[in-house]
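Data block below; observations after.
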Amino acid sequence: MFRNPLDKAAAGFIGALLLGIAIILVRGDQVGVQIIRQAPANQASGVSTRSQLAFTFSEPMPAAALQGHIEITPALSGTVRWNGSTAFFVPAQPLQSDTRYTVTIKAGAASERGRPVLRDVHWSFTTGHARVVYLSPATSIGNLYVSDVGPSAAARRITDEPRGVFDFAVSPDGRRIVYSAVRDDTGARDLWAIHPDGSGRERIVACDGQVCQSPSFSADGARIAFERRTLVKGTLGTTPGPARLWIYDFTSGSAAPLLSDSQALGNLPRWAPVGEKLSYYDPVAGAITVIDTVTGDRAQMPSVLGDSGTWSPNGEQLIYPELKALDNGQFDQLLRADLVTNVITAVMPLSSTNDSSVNWSPLGTLIAFTRQHYSAVGAAGGVMPFGPQVWVASPEGQSAHALTDDLGYGYGGLAWSPDGQWIVAVRNNLQTTDPKPEVWLLRWDGSQVAKLAEDATIPAWLP
């Protein structure tokens, strides 16, 4: 028996609350677990071939909830990782270009509370095709262009910087380009972000009295690492000083130093394709440094050439050139560092060649690199260099063979297309004075070679 009206009101409130909870529970069992968001969005087109699939559930799910409950057509293998109630399907290889994919989450996948997905959920999206971004003209004030690949390829200019673009990077999903541009006559360079269609231009880092350059995207595309160099006045004018590494976070819109030591130097940051590791060159230690940006753990590989290495697609290995001595001189040899076993091995035996400009194929089964041979005699009785040519080999150095044989030309700046079918390169004519670099496309098997752009440089793929 209730003693007063207040007790009666409290009891009524509790009863109503319990009834509401019961209704929610019953209704929840009737509705089941819902997928409240997915990416790419249903019926999306022009989706990057490097995209991950993501789907967010209405309540927490166990790690094994999707085993046997994901179906993708055309068939696509990969792994699932979780962040809260969102599952990410990471494809084992890039998606096919110009292909319609259908994703099905089958009924029966159960939440941590035991509620199932009551019926199959379907959505579809269509991928785009890879394009090439490059800087042109290379011999004067250059801006960014995007070009299709093929017989009727057309290029479109996407930036209009009056003092030119210095360098740039493309995000892993192809939705954003970050570039370094000269601000004014002081020589300062700011960092800007832009969409591949030329829209959404935004300055993200203002570098007063400094140059900001060499951007590199994190695997999730949420951050960039970059060099920040203070402009120093000298007798010959203003020049950039030593580089320090910074991180810009797109979510917070803020930038901060990578290293707690404000005097620590670092060049050429390169983020691993997966995970949180970043490589850079430490000019003081004379070594390539790999740092885990979450734990702070570091590993170093001695090197004198100043290259920060090229990552394998799985983020477990790094290939870089190193200067080695032979009886007839010193040459650049490719070394492979296994960051799991902490073992460094030569990719190929040392020879009278300079090997550099390494780039891994998307599946990690091949590497493209440039090889420069030296003739036995030169005009003055010494050695005569020929232009670096494009070569392909396995990451272990097996089946190495040349794709080009144009000794009067030099190649560099290699990059594999997302589907692994093409290699883009910069070609220079060594037989003329003041040559204009060109961007060329090569089939990975050497079956086709085509010029994409004249007076152009720094090509990169837009997936």
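Tell me the net charge near Q93. Cut-off is 12 Å between Cβ atoms, Q93 excluded, with +1 for each Lys or Arg and -1 for each Asp or Glu.
0
What is the distance, in nm, between label points placed 7 Å from the Cα along the Cα-to-Cβ direction at A222 and at T235?
5.1
Give the accessible area for S447 in Å² (nearest 10); use a 1.4 Å probe, count only protein heavy atoms, and leave out ligands, DNA and RNA.
Here the accessible area works out near 90 Å².
Angle between the Cα long axis of helix 5-31 and the longest principal axis of the chain, 0 to 90 degrees, nearest 10?
Between the helix axis and the principal axis of the chain, the angle is about 50 degrees.
Quick check for you: with a 1.4 Å probe and neighbouring chains kept, what is the accessible area per residue of the stretch 176-215, in Å²?
Value for the stretch 176-215: 39 Å² per residue.
What nm value, rounded to one decimal, do you get for the distance between T365 and Q96 when each label is placed 7 Å out toward the C-beta?
So the label points at T365 and Q96 sit 1.6 nm apart.
Compute, for the chain, the length of the dipole vector about the Cα centre, with Cβ point charges of +1 (Lys, Arg) and -1 (Asp, Glu) only. Units Debye, rounded to 20.
It works out to roughly 1280 debye.
Around L278, under 11 Å between beta carbons, what's the net of Lys plus Arg minus Asp minus Glu among the other residues?
Net charge in that neighbourhood comes out at +2.
Please sort 140-147, 154-161 by packing, taking for each peptide the average over its residues of neighbouring beta carbons within 10 angstrom, highest first.
In descending order of packing, they fall as 140-147, 154-161.
Where does the charge balance sit around N267 when Lys and Arg score +1, Asp and Glu -1, over other residues with C-beta under 14 Å from its C-beta?
0
Order R119, R223, most accessible first, counting only protein heavy atoms with a 1.4 angstrom probe.
R119, R223
The values are calculated or read from the model by the stated rules, or taken from the named source; none is laboratory data. Remember, predicted model here, so these are calculated numbers, not experimental data. With ideal geometry, Cβ positions are generated from the backbone for all residues, glycine too; neighbour counts draw on all protein chains shown. For accessibility, only protein heavy atoms count, side chains too; no ligands or nucleic acids. Shrake-Rupley method; radii C 1.70, N 1.55, O 1.52, S 1.80 Å.
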